[in-house]
Amino acid sequence: MEKSSSSTGTPAADAKISSIFIYPIKSCRGVSVPQAPLTPTGFRWDRQWLVVNQKLRAYTQRVQPKLALVEVNMPEEAFSEGWEPTKNSYMEIKAPGMDVLKISLCKPTQVAHGVSVWEWSGSALDEGDVASKWFTDYLGKPSRLVRFNEASETRPVDPLYAKGHFIMFSDLHPFMLLSQESLDALNKLLKEPVPINRFRPNMLVTGCEPFSEDLWTEIKISQFSFQGVKLCSRCKIPTINQHTAIAGPEPNETLMKFRSDRVLRPDKKQQGKIYFGQNLVCKENLTEGKAKMVKVGDPIHVINKVSTAAEAAA
């Protein structure tokens with residue numbers, strides 16, 4: 001892809017950020033924000049909380065689709081540079097038939113040992129009995145709400161893809177990016193179009209060709225460098241309507257026809273996976289100095305890319 005140049009001599013952007021989404025509680029609804037601070041584990045507040053069962057194992061929409069109806073609201077200022085919570089800073093949680101639950105953004109002191117999500121286990125901060133009762137009543141099963149304990153725990157990304165990077169309660173990687181054009185291309189094939197919330201990206205971008213994000217191995221968002229490390233393989237969550245918590249066959253049935261490893265990567269080992277979006281890590285040093293912000297409208301410049309999805313890591 002040749003870069004075109006504007007009249008000022010500045011390379012034209014290959015795409016731009018159209019939306020930023022944060023998911024404070026894993027598998028609950030996301031928050032659309034105009035900007036978000038970058039941290040070593042992803043956007044600030046992203047997947048920092050987790051709902052667990054009585055054995056302290058993670059609940060997700062795969063087994064508790066009702067989590068799709070849990071709405072999470074954060075103070076607007078929580079996404080400002082350098083902001084720190086006070087005793088009056090709360091996350092508000094709502095769900096059908098439930099009173100509003102307020103969770104302080106100041107860290108709790110109670111610790112839960114033996115929390116597990118996928119391959120990882122460790123200690124987490126327990127948000128207490130009121131939050132536990134709220135989620136227990138809502139889900140109808142013993143539940144607790146826990147918060148990642150940055151002071152004592154780390155959760156590394158698979159070193160095969162991104163050695164030296166870390167996440168909180170995300171599935172695999174700090175960031176997931178998807179283009180509006182890819183969603184539009186999918187929706188043209190569906191009888192009933194699906195919204196972006198089925199796919200839970202952190203960054204929705206626009207201004208590129210459909211599925212071009214598959215190919216991006218290095219991009220700059222504003223002045224920050226990101227590495228595309230792995231095509232995003234999809235579980236059953238895209239089949240769950242995020243407004244009703246009811247699952248159906250689509251869009252995965254259609255995605256399997258043109259976005260499966262059999263189609264995209266015919267010469268690779270077949271695992272029956274479907275791919276939609278790209279997982280990223282940020283290559284900047286995010287532990288020093290001022291918060292680094294990504295904003296809606298930020299330009300994206302592709303620095304390096306592969307030629308086909310078959311060449312991308314997956």
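Quick one: which residues, 5 or more positions from ALA247 or on another chain, have an amide H under 5 Å from its amide H? H modelled 1.01 Å from N in the peptide plane, none for Pro or chain starts.
Close amide H contacts, sequence-distant or interchain: ASN241.
Check which residues have an amide H placed less than 5 Å from THR39's amide H, if you skip close sequence neighbours.
Distant-sequence amide H within range of THR39: ARG44.
Each residue of region 267-279 in order: what ³J(HN,Hα) in whole Hz does its phi give by Karplus 6.51 cos²θ - 1.76 cosθ + 1.60, θ = phi - 60°, with x for Gly and Pro?
My calculation for region 267-279 gives 8, 9, 4, 8, 10, x, 8, 10, 10, 7, x, 10, 8 Hz in order.
Return one number: the angle in degrees, 0 to 90 and rounded to the nearest 10, between the long axis of the Cα atoms of helix 129-139 and the longest principal axis of the Cα atoms of the chain.
The angle comes out at about 60 degrees.
Kindly write out, for region 159-170 in residue order, the coupling ³J(HN,Hα) from the Karplus curve 6.51 cos²θ - 1.76 cosθ + 1.60 (θ = phi - 60°), rounded to whole Hz, with x marking Gly and Pro.
Going residue by residue, I get x, 5, 10, 7, 4, x, 10, 9, 9, 9, 9, 4 Hz, with x marking Gly and Pro.
Tally Lys/Arg at +1 and Asp/Glu at -1 over every other residue whose Cβ is under 11 Å from the Cβ of GLU213; what's the total?
Working: positive: LYS305; negative: ASP14, GLU181, GLU209, ASP214.
After counting each charged neighbour, the total is -3.
Out of region 72-147, which trypsin sites (Lys or Arg not before Pro) are coil in DSSP terms and have no more than 13 other C-beta atoms within 10 Å?
Numbers: sites: LYS87, LYS94, LYS102, LYS133, ARG144, ARG147; in loops: LYS87.
Of the trypsin sites (Lys or Arg not before Pro), the ones in loops of region 72-147 whose Cβ has at most 13 other Cβ atoms within 10 Å are LYS87.
Tabulate in residue order the Karplus-calculated ³J(HN,Hα) for region 35-51, using 6.51 cos²θ - 1.76 cosθ + 1.60 with θ = phi - 60°, rounded to whole Hz; enter x for Gly and Pro.
Once rounded to whole Hz, the list reads 7, 8, x, 7, 10, x, 10, x, 5, 4, 6, 6, 6, 7, 10, 8, 8.
Over the Cα atoms of region 168-314, each weighted equally, I'd like the Debye log10 I(q)/I(0) at q = 0.12, 0.17, 0.18 Å⁻¹, rounded to two decimals.
Log10 I(q)/I(0), no solvent term: -0.51, -1.00, -1.11.
As I understand it, the dipole of the chain uses +1 on the Cβ of Lys and Arg and -1 on the Cβ of Asp and Glu, about the Cα centre. Which of HIS173, PRO238, TRP49 lies farthest toward its positive end?
PRO238
For ALA112, list long-range residues whose amide hydrogen, built 1.01 Å from N in the peptide plane, is under 5 Å from its own amide hydrogen.
ALA124, LEU125, ASP126
Only sites in a loop by DSSP and with at most 15 other Cβ atoms within 10 Å count here; which trypsin sites (Lys or Arg not before Pro) in region 258-314 make the cut? Walk me through the numbers before you get to the answer.
Working: sites: ARG259, ARG262, LYS268, LYS269, LYS273, LYS283, LYS290, LYS292, LYS295, LYS305; in loops: ARG259, LYS268, LYS269, LYS273, LYS283, LYS290.
Here the trypsin sites (Lys or Arg not before Pro) that fit, given the DSSP loop and packing criteria, are LYS268, LYS269, LYS283, LYS290.
Just the Kirkwood number for region 211-294, please: inverse of mean 1/r across all distinct Cα pairs, in Å, one decimal.
15.1
With all protein chains present, calculate the accessible area of GLU119 using a 1.4 Å probe and round the result to the nearest 10 Å².
Per-residue accessible area (GLU119): approximately 130 Å².
The values are calculated or read from the model by the stated rules, or taken from the named source; none is laboratory data. Just so you know, these numbers come straight off a predicted model, no measurement behind them. With ideal geometry, Cβ positions are generated from the backbone for all residues, glycine too; neighbour counts draw on all protein chains shown. With ligands, DNA and RNA removed, areas are computed over all heavy atoms of the protein, side chains included. Shrake-Rupley method; radii C 1.70, N 1.55, O 1.52, S 1.80 Å.
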